[in-house]
Amino acid sequence: MRLVWWERGKDWVWARWTAPQRVKLLAAAFANQSERLREVNAELERRETLIVKLRAEGSPRESSLAPEEIERLAVLGAECGELIQFACKVLLHGWDGASPFNGKPNQVQMEREAGDVLAAIDAMVQAGELRWREVAAWRGKKAAVGEKWMHHQ
């Protein structure tokens with residue numbers, strides 16, 4: 001006989017197990033784990049089958065964008081992200097703060113990034129994905145409404 005520590009509910013108790021009892025206990029635990037593993041594998045297989053089926057049928061979530069449209073949107077997103085990054089740098093270090101890498105003031109960098117965003121928008125307008133007239137109209141509306149939300153203008 002051997003003393004082992006085992007858990008019953010939340011209480012820890014001492015139990016005495018003989019070698020055959022320990023083997024039975026381990027076999028039962030292994031069987032439970034094996035059954036759970038079979039369930040998990042079956043679920044994974046079911047999901048993989050569903051994914052293959054959706055890919056073959058063409059998922060409704062699949063993008064209908066052409067590769068060049070995706071690329072222009074990716075460029076716009078990246079340029080907007082860089083503009084946001086420099087806006088945060090201006091908030092932290094001011095307009096006159098300079099990059100430790102190239103020594104250019106934040107204002108110059110911010111102007112450059114704003115130009116990059118405008119270039120990405122222009123590319124989308126030229127491709128017919130955006131209408132400049134609508135963009136300009138919304139810009140005017142935002143300027144009028146935006147003043148209402150500004151505290152220091």
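The values are calculated or read from the model by the stated rules, or taken from the named source; none is laboratory data. Fair warning: this is a prediction, and the values are worked out from it, not measured in the lab. Please note: Cβ atoms are built from the backbone with ideal geometry, for glycine as well, and neighbour counts cover all protein chains shown.
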(request) Among what's in the stretch 67-86 and is within 28 Å of Gln107 (Cβ to Cβ) and of a type in the set (Val, Ile, Thr), pick the residue that is surrounded by the most Cβ atoms within 10 Å (Cβ to Cβ). (result) Val75
(message) Here is a check on your reading of the model: is Leu118 assigned to a helix (DSSP H, G or I), free of Cβ contacts under 8 Å to residues at least 60 places away in the same chain and over 30 Å from Glu69 (Cβ atoms)?
(response) no
(request) Report, ordered by the first and then the second residue, all pairs with beta carbons closer than 8 Å, sequence separation of six or more or different chains, a first member in the stretch 130-153 that is under 25 Å from Ala120 (Cβ atoms), and a second member that is modelled with pLDDT of 90 or more and surrounded by 10 or more Cβ atoms within 10 Å (Cβ to Cβ). (result) Leu130/Ile121; Leu130/Met124; Arg131/Val125; Trp132/Val125; Val135/Ile121; Val135/Val125
(message) Can you tell me which condition Leu54 does not meet? The list is (1) surrounded by fewer than 11 Cβ atoms within 10 Å (Cβ to Cβ); (2) in contact with a Lys or Arg (Cβ under 9 Å, 6 or more places away or on another chain), and all the others hold.
(response) (1)
(message) Need the failing condition index for Leu76 against (1) touching a residue at least 40 places away in the same chain (Cβ under 8 Å); (2) of a type outside the set (Val, Ile, Thr); (3) not in a helix (DSSP H, G or I), just the number.
(response) (3)
